[in-house]
Amino acid sequence: MDGVALSRKSDITGDITHLIDEKYVVERRCVFCRQVRPLAELVRTARVKDEAVFDPRGRAQGRGAYICRDAKCIEGAKRTRALERSLKCRVGEDIYNEILKGVC
């Protein structure tokens, strides 16, 4: 290896060690306010067999959409049909009531 010498091991990995040491936090985007937030600050709804369901545990199979745990975002998503567009299916009034009851 002519002309190439590494003075220490950190020359190879020194610039990425800060990424390895930090804890990885899963983030998702709210369908209404479009803010990226940690998963714990959001609530999930899912489309299961062409039907929207409230998914408080975040484990249901199918297409999912996330919304902030804030009454303003939930009401705004209802008004603008943001959940319907994300899930690509009809979201009934009962789903919004269930989300509000589960969150607030």
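Against the conditions (1) crowded, with 19+ Cβ neighbours inside 10 Å; (2) within 14 Å of the chain's Cα centre (by Cα), where does V91 fall short? Just the number, please.
(2)
Here's a check for you: in segment 35-46, which residue that is assigned to a strand (DSSP E or B) and not small (G, A, S) is nearest to G92 (Cα to Cα)?
Pass one, segment 35-46, residues assigned to a strand (DSSP E or B): 36-38, 42-46.
Now narrow it down to the ones that are not small (G, A, S): 36-38, 42-45.
Values: V36: 25, R37: 25, P38: 26, L42: 20, V43: 17, R44: 15, T45: 12 Å.
Among those that are assigned to a strand (DSSP E or B) and not small (G, A, S), it is T45.
Which residues, counting only those in segment 45-65, are among the aliphatic types (A, V, I, L, M), touching a residue at least 40 places away in the same chain (Cβ under 8 Å) and in contact with a Leu (Cβ under 6 Å, 6 or more places away or on another chain)? Break it down stepwise before answering.
Going through segment 45-65, the residues among the aliphatic types (A, V, I, L, M) turn out to be 46, 48, 52-53, 60, 65.
Retained after the next criterion (residues that are touching a residue at least 40 places away in the same chain (Cβ under 8 Å)): 46, 52-53.
Within segment 45-65, just A52 meets the criteria.
Any chance segment 47-61 includes a residue that's modelled with pLDDT of 95 or more, part of a strand (DSSP E or B) and of a type in the set (G, A, S)?
yes
The values are calculated or read from the model by the stated rules, or taken from the named source; none is laboratory data. Quick caveat: nothing in here was measured; it's all calculated off a predicted structure. Backbone-built Cβ (ideal geometry, glycine too); neighbour counts: all protein chains shown.
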